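The values are calculated or read from the model by the stated rules, or taken from the named source; none is laboratory data. These numbers come from a predicted model, not from an experiment. Cβ placement follows ideal geometry from the backbone for every residue including glycine, while neighbour counts extend to all protein chains displayed.
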Amino acid sequence: MLWGSYLENDKDGGLRRLVGERGQAYVILQLTADISLENLSEYYSISSVIDKNIEICVSPQTLEHFISQNFDYIIVAPEDTKAVISANTIDEAMLWESYPTYTQYGEIIRLFSENYPEICKVDTIGTSVNGKNILAVKISDKVGTDEDEPELFYSSTMHGDELGGFVLMLRFVHYLLQNYGTDPKVTALVDNLEIYVNPLANPDGTYGSGDAIVSPTRLNANQKDLNRNFPDIAGTVSTVIQKETTDMMEFIRGRRFILSANFHSGAEVVNYPWDRWSRPHADDAWFYNISRMYADTAHAYSLTPYMTFLDNGVTNGYDWYTTVGCRQDWVTYFMGGRETTIEIDDTKLTPASNLDSLWIRNRESLLGYLGHALKGVTGIVTDSLTGLPLKSKVYIEGYDKDSSHVYSDSIVGRFRRMLAPGEYELRFAAEGYTEKIVSIALSSNMLISNDIQLVPVDYVPEEPEEPEEPGIPLSLDLQERDLLTVFPNPVATDSEFSIYLPTGFGGMVNVVIYDFSGSDVYRGLKIVPENSVIMVDAPSLSPGIYFLVVADYRTKGFSSTRFIVVD
């Protein structure tokens, strides 16, 4: 739409005046054979491409360069900021039908953690160029503990003038907190996931230097597009990484987000990787399925047409338009995560009066999206001898490409891989260990759990040795017989385990456990039937290797083995 009042007889002059008054302007170019989207994206922030119409955000920094190119362009009418109504109080803001001031926003986040301290805590991602806090909240049933649970991340308003997601995320956090313990779906998510939400990723763009939203801009205070500012996965374009981007990258690196989404406005569509490359991601079918589910769920909860753009609300990023330096590509390629970009409103400056309908349309989709982290394949990878966790590459030969494989973490050895239904051969490879292959058949909405033990490449099985010191503490003429077995092995600290006696053992037996230095740490005299199983509760065994000796008084035989204790 042409904004005539800024044109008069001087379109370039009108563009200069609009950028001067508003801090930015949107213009439209026609995509022709002479215009390259990739070249344009090196200089300007492309916000959308619809029917060969390229929408570009012109900033004070790019204004003169844009005018010098003599493009045939039209100016887009600015959206009405009067509809962006600010709340007068925190209570009013938390009705979620108006926009909070920056001060109110910080107070709302604080109230979340104070009112729900057992399941919510505040995390600071960093600060903006102008020193505004970039906040996140963590929601989990044991919020103060880093549990062995999938970590997920929602983030909104990287473009400061795309406002609807800001309030949507705040309301989503409030909904989870209020409904935990009463709503089974919410409770299951909070109990089994670690959920992080960042409602506002670009506070300088949204609030400028003030406290209320008056004239929000797409870019940050340095007039840079934060969603074109991440390291390029093709490695061909260099850019000055902004402070907000650096802080966000460090925040993401410090966690293990397996699934995430960043929320935008200006269209209504779920956009999945890649943005940069025309070739599909290895998990293209899985990406399409979760995007399709988000859009279709939103359709079901909307009273009017919603998310019907492109493939009825779903698109591959490159199929829409190519961009450089987007966060979803960086997360998916470099961090081993899976991220989509969800455009929730055709209008960038969502009117306050539309915030409630935006929530109704997206609430169930937001919940359902998180649930994908509880499907697929998971397990713990450990050293078969020590039981210690391993960082292992988990990949599917002939299927994975472009860094689509995942790794088990080095803390507990946990791996998680979300996949479309099908049959797969998962390969587990760690330096110094023999590779292992596991076949799985995955159906829809299924979670397969499969723990993996990798054997060191130079391991040769040895016969268990009798401890040299202090020896067998029985004055009997012992003759060694069949071996015995400990189950489970490894044994968890402070837990009960089973001893399976060798053939012929029974009656009165003596059970002795030695640590690696030869000191006895457990003794027990048992009277048991022949060939039975002895249950032992060995208290306070620290992680390590132990020797077990069982002596049989009746037969004067003994047997020994080794076992491992882990945390």
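Figures for the structure shown
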quantity	calculated
Any hit, region 80-88, residues being touching a strand residue (DSSP E or B) at 6+ places or on another chain (Cβ under 7 Å), buried (at least 19 other Cβ atoms within 10 Å of the Cβ) and touching a residue at least 60 places away in the same chain (Cβ under 8 Å)	yes
Residue pairs meeting the criteria (Cβ under 7 Å; at least 6 apart or on separate chains; first touching a residue at least 40 places away in the same chain (Cβ under 8 Å), in region 369-380; second part of a helix (DSSP H, G or I))	TYR369/ILE290; TYR369/TYR294; LEU370/LEU189; GLY371/LEU189; HIS372/ILE290; LEU374/ASN192
Wholly enclosed helices (runs of 4 or more DSSP H) of region 302-356 bearing at least 3 residues surrounded by 23 or more Cβ atoms within 10 Å (Cβ to Cβ)	327-334
Strands (runs of 3 or more DSSP E) (entirely within region 366-449) containing at least 1 residues that are closer than 30 Å to VAL186 by Cβ	376-383, 414-417, 436-442, 447-449
Scan of region 224-259 for residues that are of a type in the set (S, T, N, Q) and surrounded by fewer than 17 Cβ atoms within 10 Å (Cβ to Cβ), ordered by number	THR236, SER238, THR239, THR246
Matching entry among ASP402, ASP477 (being modelled with pLDDT under 95 and of a type in the set (Asp, Glu))	ASP477
Subset of region 103-118 (residues that are of a type in the set (Ser, Thr, Tyr), over 15 Å from LYS138 (Cα atoms) and either crowded, with 20+ Cβ neighbours inside 10 Å or within 26 Å of the chain's Cα centre (by Cα) (or both))	TYR105
Matching residues, region 336-368, being more than 21 Å from PRO305 (Cβ to Cβ) and of a type outside the set (Val, Ile, Thr)	GLY336, GLY337, ARG338, GLU339, ALA352, LEU367
Selection within region 183-223 - buried (at least 22 other Cβ atoms within 10 Å of the Cβ) and of a type in the set (Lys, Arg)	ARG218
The one condition in (1) touching a Lys or Arg at 6+ places or on another chain (Cβ under 7 Å); (2) over 22 Å from THR322 (Cα atoms) that GLY160 fails to fulfil	(2)
Complete set of residues in region 229-256 that are of a type outside the set (S, T, N, Q) and either over 21 Å from the mean Cα position of the chain (by Cα) or more than 18 Å from ILE134 (Cα to Cα) (or both)	PRO231, ASP232, ILE233, ALA234, GLY235, VAL237, VAL240, ILE241, LYS243, ARG256
Options SER517, SER540, SER532; residue that is closer than 29 Å to VAL412 by Cβ, surrounded by fewer than 16 Cβ atoms within 10 Å (Cβ to Cβ) and modelled with pLDDT of 70 or more	SER540
Looking only at region 187-214, and only at residues there that are in a helix (DSSP H, G or I) and more than 18 Å from the chain's Cα centre (by Cα), the one that is farthest from GLU162 (Cα to Cα)	THR187
Number of positions in region 123-144 that are more than 22 Å from HIS174 (Cα to Cα) and free of Cβ contacts under 8 Å to residues at least 60 places away in the same chain	1
Restricting region 262-288 to residues that are of a type in the set (A, V, I, L, M) and closer than 14 Å to VAL314 by Cα, the residue that is surrounded by the most Cβ atoms within 10 Å (Cβ to Cβ)	VAL270
